[in-house]
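Values in this text are rule-based calculations from the coordinates and carry no lab data. Quick caveat: nothing in here was measured; it's all calculated off a predicted structure. No Cβ is skipped: glycine too gets one built from the backbone with ideal geometry, and neighbour counts run over all protein chains shown.
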Amino acid sequence: MAEEQSEQTVTPWEVFTKSETGIDYDKLIRDFGSTRIDEALINRIEKATEKPVHHHLRRGVFFSMRDLETILTLYEQKKPFFLYTGRGPSSEALHLGHLIPFIFTKWLQDTFDVPLVIQMTDDEKFLVKDNLPLEEANRLAHENAKDIIALGFDINKTFIFSDVEYISFSRDFYMNMCKIQKHVTFNQAKGIFGFGPSDNVGKICFPATQAAPSFSSSFPEIFHGNKDVPCLIPCAIDQDPYFRMARDVAPKLGYQKPALIHSTFIPGLRGMQSKMDASGDPNSVIFVTDSDEQISNKIKKYAYSGGGTTAEEHKKTGGDCGKDVSYQYLTFFMEDDSKLEQIKQNYTSGKLSTGDLKAELISVLQKLISGHRQKRERVTDLMVKKFMSPRKLNYPY
Ligand code: TYM
């Protein structure tokens, strides 16, 4: 109840704030107990990798972390680590928000040259959704894998797995799930996830399934039998509760705590109060399968504007980039820093109209999404099968 009245709610199932300027991420860092990524850490990443960081890091899209320094130290010492991220397959295709962790994970894989496991939680989506048959969730896992593969992950270094398929295959994965379950009481799970008396018991057990891939011992065949390869998890910050739990349990099992790097949320088209969400209002979501026309229509019609109510007023008082969804989307997808800064200045001063700002965004997104559509069409069933088959990943341990 208290949760409903609070200024903002961020859980794996709901992201909402009353504020027109969006989630208060400083508050979230305080509430979750993570650490803000500062300039010094960014400089250290650039020094270690000898290349500029991704614009998502530079602009604070990835803004928070746990133990990222430890991973960096390993990299500096030429010691191994692996990446773990995931997707809950509840819709036919990914939306723009889902792209963020995957685009960034691809950059991490390329930059650090490390293996990656991607969990498709078909079981989770079956358990939490009212009308999604398990067979359908499993089919969507394979469909969504196409979008993920289209982003260009290295087939020799990436394993994508559906929970329902991999758990029935891997004794070690299931053993880790059991070990995690045994170390989390119902009260702890309730405290972390807010479960109530009418939640089905599958939901209550599920967090152990999302925690298990944080430990390389869940994948002996992938990591050449190596059981203690440290893990770094890129995700939006709504997934943090699962990994707070994984980090609490890890020492009890003699495992290393997974490190995390968290992103902010792409808001829904209708405003900064909620994240873009496949299960929410369809007019607030841009899917990676949308046509050029759909992208243009949705942005023109629904993208919340921080501009003046009339053209006259806008010229006089300018726009508010903090509330303007189109501007916010550009911060995620426009790579050119100086162009973005110019747009910000012109919109803030009123020189650039809302219509022109939206036109800029439409052109950036149509380019991004049509490129993605073409790459997705080239992903064959055979490629999906290969990415999803358990096998040794390329990595010199
Ligand atoms: P899912 O399918 O809800 O989301 C997949 C990934 O996208 C992030 N995300 C967003 N990022 C930015 N803006 C948004 N509007 C937005 N909406 C979603 C999510 O945080 C996530 O990183 N239970 C998970 C699947 C999962 C997972 C993981 C995710 C399993 N293991 C490990 C991350 C890391 C889920 O349903 O994600």
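Look at residue 348 and say whether it is part of a helix (DSSP H, G or I), on the phi < 0 side of the Ramachandran plot and not charged (D, E, K, R). The answer is yes for residue 348. In the set (1) in a helix (DSSP H, G or I); (2) acidic (Asp, Glu); (3) touching a residue at least 24 places away in the same chain (Cβ under 8 Å), residue 312 fails one condition alone, (3).
The condition of being in contact with a Lys or Arg (Cβ under 7 Å, 6 or more places away or on another chain), surrounded by 23 or more Cβ atoms within 10 Å (Cβ to Cβ) and either within 28 Å of residue 360 (Cβ to Cβ) or hydroxyl-bearing (Ser, Thr, Tyr) (or both) holds for only one of 307, 268, that being 268. Can you name the residue in the stretch 71-108 that is in contact (Cβ under 8 Å) with a residue 60 or more places away in the chain and of a type in the set (Val, Ile, Thr) and, of all such residues, is farthest from the ligand (Cβ to nearest atom)? That would be 71. Candidates in the stretch 227-254 are the residues that are free of Cβ contacts under 8 Å to residues at least 24 places away in the same chain and assigned to a loop (DSSP other than H, G, I, E, B); of these, the one that is surrounded by the most Cβ atoms within 10 Å (Cβ to Cβ) is 227.
Regarding the stretch 114-134, can at least one residue be identified that is within 9 Å of the ligand (Cβ to nearest atom), farther than 25 Å from residue 230 by Cβ and of a type in the set (Val, Ile, Thr)? Yes, there is a match, as at least one residue in the stretch 114-134 is within 9 Å of the ligand (Cβ to nearest atom), farther than 25 Å from residue 230 by Cβ and of a type in the set (Val, Ile, Thr). Just name the residue that is farthest from the ligand (Cβ to nearest atom) out of those in the stretch 264-299 that are under 17 Å from residue 13 (Cα atoms) and of a type in the set (Val, Ile, Thr). Per the stated criteria, the residue is 285.
Residue count for the stretch 315-345 under the criterion of being among the hydroxyl-bearing types (Ser, Thr, Tyr) and part of a loop (DSSP other than H, G, I, E, B): the result is 0.
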